[in-house]
1. Normalised by the residues of the stretch B:54-207, what does the relative contact order come to in percent, with Cα pairs under 8 Å and at least six apart?
2. Given the protein assembly as shown, what percent of its DSSP beta bridges are antiparallel, to the nearest 5?
3. What does the structure give for A:168-178 when I average, per residue, the other chain Cβ atoms found within 10 Å of the residue Cβ?
4. Roughly how crowded by other chains is peptide B:91-97, in terms of the mean Cβ count from those chains within 10 Å of each of its Cβ atoms?
5. Which aspartates and glutamates, on any chain, are close to A:LYS533 with Cα under 14 Å apart, when same-chain ones fewer than 8 places away are left out?
6. Quick query: amide H of A:ALA122 versus all other amide H atoms, modeled in the peptide plane; which residues come in under 5 Å with a sequence gap of 5 or more or a different chain?
7. Mind pulling up the Rg/Rh value for the stretch B:58-140? Radius of gyration and Kirkwood radius, both on Cα.
8. Largest first, how would A:ARG505, A:ARG574 line up by accessible area (1.4 Å probe)?
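The values are calculated or read from the model by the stated rules, or taken from the named source; none is laboratory data. Just so it is clear, the model here is predicted, and its values are computed rather than measured. Backbone-built Cβ (ideal geometry, glycine too); neighbour counts: all protein chains shown. Quick note on the areas: whole protein, heavy atoms, side chains included, nothing else; ligands and nucleic acids left out. Shrake-Rupley method; radii C 1.70, N 1.55, O 1.52, S 1.80 Å.
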Amino acid sequence: MAARGIEVKFNSFRNRILFYFLVLVTAVQVAGFASFDVILKRNTRDRIAKDLEAGAVVFRNMLDDRTVLMTSASTMLAGDFAFKRVFFEGDHGTMISALENHRRRIGANVMLLVSLENRVVADTSRPRLRGAASEFPELIWKAGEDGAGASSIVNIGGQIYQMVIVPLLAPDLRAWICSGFLVDDALARRLKKTSLSDVIFHGSAPGGGWRGIASTFPREFADNISAVLAAAGGKPGKALSVELRNDEYMAIVVPQEEVGAGAVRVVLARSLTAELKPYLRLRAALLALFVLGLLGAVLGAVWIARSVTKPVSLLVEGARRIGRGDYEYAVKVDRTDEIGELAESFNEMTRGLLERDRIHDLLGKVVSREIAKELLGSKVELGGEEREVTILFSDLRAFTALSERLEAKQVVLMLNTYLSKMTAIIENNGGVVDKYIGDEIMAIFGAPIFHENDADMALRTALEMRHALGEVNAGFRALNLPELEMGTGINTGVVVAGNIGSSSRLNYTVIGDGVNTASRLQSLTKSAEYSAKTIVSEATLKKAREKYETRPLGAATVKGKTEQLQIYALEGFRR
Amino acid sequence: MRKPTAGIAAALSFFLTTAALPAAFEASVKNEKGAPVADAVVSLVPSTGPAPAFEGESFAVMDQKGMEFVPKVLPVRTGTRVRFPNSDNILHHVYSFSSPKPFELPLYKGKTVDPVLFDKPGTVVLGCNIHDWMLGYILIVDTPYFSKTGGDGLAILRDVPPGEYKAYLWHYGLKDLKKMEAVPVKVIEAGNRTLELKVRLYPKRITGRMPQTHGGTGY
């Protein structure tokens, strides 16, 4: 399998299943996990942006409300009749202490009394400062425009204040009461509690731009966020994603009505990481699920692979055994699915083979091996063909009389011993035992399979049989059994060979004059006139290629035949 | 701070009248846009010497109606005693920190308080300690010749003997109530003259009128 140039080879089906299963499961899980991460981040970003945009408006209102509250508090104090008296009394020390008293009442950080001409009359933070111009003439001028007062951010000796100015009316405008509220980190922290965001106060920097003046962050960070916001080109009221201190923040500039020299703006920021923290546990759970899923997939894949490959291995083992001829082996697969069906078919096939093998075996016993082969190898049908064959008949002398004297058991033993030996010789020499007729043997050479030396083989068989008979008799003698005498006739001629009988029961055999002649020649061995134990026809000797010791017996008339034929007694091989 | 440009802008023309002695003097006060200015006080001080000495007792009234000072501006001659009746059915607490006459009339109602003597020239700003918006002015001048403009911006000074005078204009909208520029004028017999005066006024945080809106400021 080629996957992007990586060649993955499997020597086992199980590993292949395992591999693809794992690749698939991992891909799905990783994709799921990754998209979860992306969606979570995007949603969180969107949510924070919305929160911040809504929060900025609320924050603006909060700041405005705060100003209104501070203004109201200052106005209340300005209406204090006793204070008005003190003002007209003109005692500086008393005025400072009255201002200090007022400052504490409204929780301001500093309180000043400034004349309509912008001269400091009294200052709680700098009691000795008297008659000097205030640090915020523009604000005093702005307050005087409509006499209603004003509020703005001012810088007094490096401290940033929100300065709220209200008129001192006694009963007409006499001076300005200025209440300063520190804009510092503590304020930022207090505001963070209500806004749930990090708060940064930016003051306009001398060279343009903004610098941090108070913040819930470290100072340089507050300066940085200004630069990052400027680079991002954010507009007030629109939340932006900014990268700071290796963390992602959403930041927003709180919109305000006027931005000018000495102006202050507020930036709200929220850390994406902090917002995502509650989701980290969920993410860990997902990761655990991912691992568990992978583990489950591995086990599942192994199980599935095993359930497929185990029966396959059993089938392979079965096929090997059958190859070795062990038809008794049955594959044990206890399943009802396709694999079960395959195993069942396999077992059926094995049973079929076993049956066929048994038939094969039996056939070989009932008929000769060659005939069995012929029968199994071709279509079995009635009919035959003309073939030139050599036929051998062999019979025992006076066996019937002999058998009457012996026990049946002994008869069977002797006959079986004799027939087994002779049959083996015949078959060893390529002959086919056509049939046993009692103690008589009929053998064919040249059918169903033709050999060039069929006649020689027949003659050799006769000689070997004769020799073997001696050995058989030696055995019988040892058992105190009578000896056997055997007569053999051999003839060669054209016969009809084939399956003869009925369609339901048939024999492969040969019929014709040649057969009869061979049988007749065997009968002639009983004649004292010839004194020959093996008689062969001239036709057979003519076909033979080897030389044999023979003794001419002259012409003989064969039953049913008018013409005579020359016959010979076979004595042995000619050396 | 802008450069103050308060005071009388210009003195223009004089008219002769054929009336008998003493003469009547008329001043027309307009703002920068040419609109007539009400509640302006025009006074004439003889250039040659002090005004005739004040004899006897003189009384004036500064009432409180509908939680407002009525009139809003009350010019009086030095030595005048001003009564401060309270025509409302609630208490008022009149006070002033002004240098000519700091005083205080703690919570009272009706005509129960004694008149207050104003024996030094200058402006006395009146307030009510319990009603921030209440604002009244008493202008004390060292001359019997003064008058307050009406809605038409005209102030008429009667029985002014012919002679050289300095004309002063006062209005609570002046940048500095203490600084009044003088314009020399000449009053002649049987002549009615109209002095045209232009004045730059500054808006006041407190109008002296009761706010028309009820409820809070929205917060």
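1. On the way: 299 pairs, mean separation 28.4, N = 154.
That works out to 18 percent.
2. Numbers: 134 of 153 bridges.
Roughly 90 percent of the DSSP beta bridges within the protein assembly as shown come out antiparallel.
3. Working: counts 0, 8, 6, 18, 14, 5, 2, 0, 0, 0, 0.
That works out to 5 on average.
4. On the way: counts 0, 0, 1, 1, 5, 3, 9.
Mean shielding by partner chains, rounded to a whole number: 3.
5. Here the aspartates and glutamates satisfying the reach criterion relative to A:LYS533 are A:ASP395, A:GLU464, A:GLU485, A:GLU549, A:GLU571.
6. A:LEU113
7. Details: Rg = 11.4 Å, Rh = 12.3 Å.
Using only Cα positions, Rg/Rh for the stretch B:58-140 is 0.92.
8. Numbers: A:ARG505 185, A:ARG574 130 Å².
If we order A:ARG505, A:ARG574 from most to least accessible, we get A:ARG505, A:ARG574.
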